[in-house]
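What follows is a short report on a single structure.
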Amino acid sequence: MPIPALEAGSETRDTGERMTRLVRLRVPDRRAHARQQQRAEILNAARRVLAEMGYDAATLRDIIRRTSLRAETVHELFPDKESILRALVEGTARRLRTRVRAARDRATSLEEFVGDAYLAFFAFLAEDRVAFELLRREPATIRALLQEPTLMASIAELHEDLEAAVARGHLPPVDLDYLGAAMAGVAVEVALRMADREPVDVQGAASFVTKLFLGGLERLQSAPRPRRAPAPARGRRSR
C-alpha cells in the first residue's frame, strides 16, 4: 500500500514544518517577554532608589545593585541614569494624565471641572513616592522635564478638555491658550510648594487653586474679550 504511506509521510512533514514555524515565532516572543520583565525590574529598583536617595545623589550603579541583573543587561536597556528617569516620568505621566482627565470627564459643573481635576493631580503626586520625592528634592529636574513629549501631551489634552467644557457651557469662552498655560503652570508650582510642607496639604492646595481660577474666570467672563492682533503679512517687502 504505497500511496497511504506517502500520504502519511507528507502529513508528518507538514506537521513538522508547522511546529518549526511555531517555535520560530515563539522564540522572539519569549525574548521580548524576558526584556519586558528585565525592564520592569530595573524601573522598580529605580523607583526605590530615587525615592530613598533622590535623583542627584543616586547613581546607575546604585540602581543596578537593587536588581538581580548583570550590569551589561541593564546598560543594554538603559545606557544611563537619565534614560531611566525619562522612562519613569513617562509611565508616571501617563497614569497621572489618565486620573486627571477622568476627573474632568466626570465634571458636571465648572467648580467640579477645575476643583476635582486639581484634587486628582495633587493627590496623585502625594501618593507616588518617586514623583513626590522629585518634587521635594529636585525642583530643577522637574522643571527641566516639563518639555518632555509625554508631559507636553497633558497640555494638549487640557486644551481639548477646555474646548469641550466651553462647548458644554461649563466654561465661559475665554482665551483658552492663556487659560491652559496658566492652569498647567500653577499646578506645577503649587505642587512644588505643597511638597515642601509638613504635613502635605492636598486638600488645601486643591482648594486654593480652585478658588483662584473660579474667581478669575468670573472676572474674565464679565470683562470684554480682547481681540487678537492680526498676524503680520509674509512675503511682502516694504518700499
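Quick note: the coordinates plus some simple rules give every number you see, no bench work behind them. The model shown is predicted, which means the values in this text are computed figures rather than measured ones. Cβ atoms come from the backbone with ideal geometry, glycine included; neighbour counts cover every protein chain shown.
Residue farthest toward the positive end of the dipole of segment 124-165, with Cβ of Lys/Arg at +1 and Asp/Glu at -1: which of Ala153, Phe132, Ala164?
Towards the positive end, the residue furthest out is Phe132.
Quick one: 3J(HN,Hα) in Hz for segment 106-122, Karplus 6.51/-1.76/1.60 with θ = phi - 60°, rounded, Gly and Pro as x.
7, 5, 10, 8, 5, 5, 5, 4, 7, x, 5, 5, 5, 4, 5, 5, 5
Residue by residue through segment 198-211, what is 3J(HN,Hα) from phi via Karplus (6.51 cos²θ - 1.76 cosθ + 1.60, θ = phi - 60°)? Round to whole Hz and write x for glycine and proline.
Those phi angles translate into 10, x, 5, 10, 5, 4, x, 5, 5, 5, 4, 5, 4, 5 Hz.
Determine ³J(HN,Hα), in whole Hz, for all residues of segment 127-137 in sequence, where each value follows from phi through the Karplus function 6.51 cos²θ - 1.76 cosθ + 1.60 and θ = phi - 60°; x replaces Gly and Pro.
7, 7, 4, 5, 4, 5, 5, 5, 4, 6, 9
Between segment 81-108 and segment 147-215, how far is it from one alpha carbon centroid to the other, in angstrom?
A separation of 14 Å, based on Cα centres.
Rank these for me by crowding, Lys211, Lys81, going from fewest to most other beta carbons within 10 Å. Could you put the intermediate results ahead of the total?
Values: Lys211 13, Lys81 19.
Neighbour counts put them in this order, fewest first: Lys211, Lys81.
By count of other Cβ within 10 Å, fewest leading, how are Ser154, Ser222 ordered? Intermediate results must be reported in sequence, preceding the final value.
Numbers: Ser154 19, Ser222 8.
Taking fewest neighbouring Cβ atoms as first place, the list is Ser222, Ser154.
Would you pull out the residues with amide H under 5 Å of Leu146's amide H, same chain only if 5 or more places away, H placed 1.01 Å from N?
Long-range HN contacts for Leu146: none found.
How big, in percent, is the set of alpha carbon pairs in segment 98-180 lying more than 15 Å apart? The partial results should precede the final answer.
Values: 2149 of 3403 pairs.
The proportion of pairs with Cα distances above 15 Å equals 63 percent.
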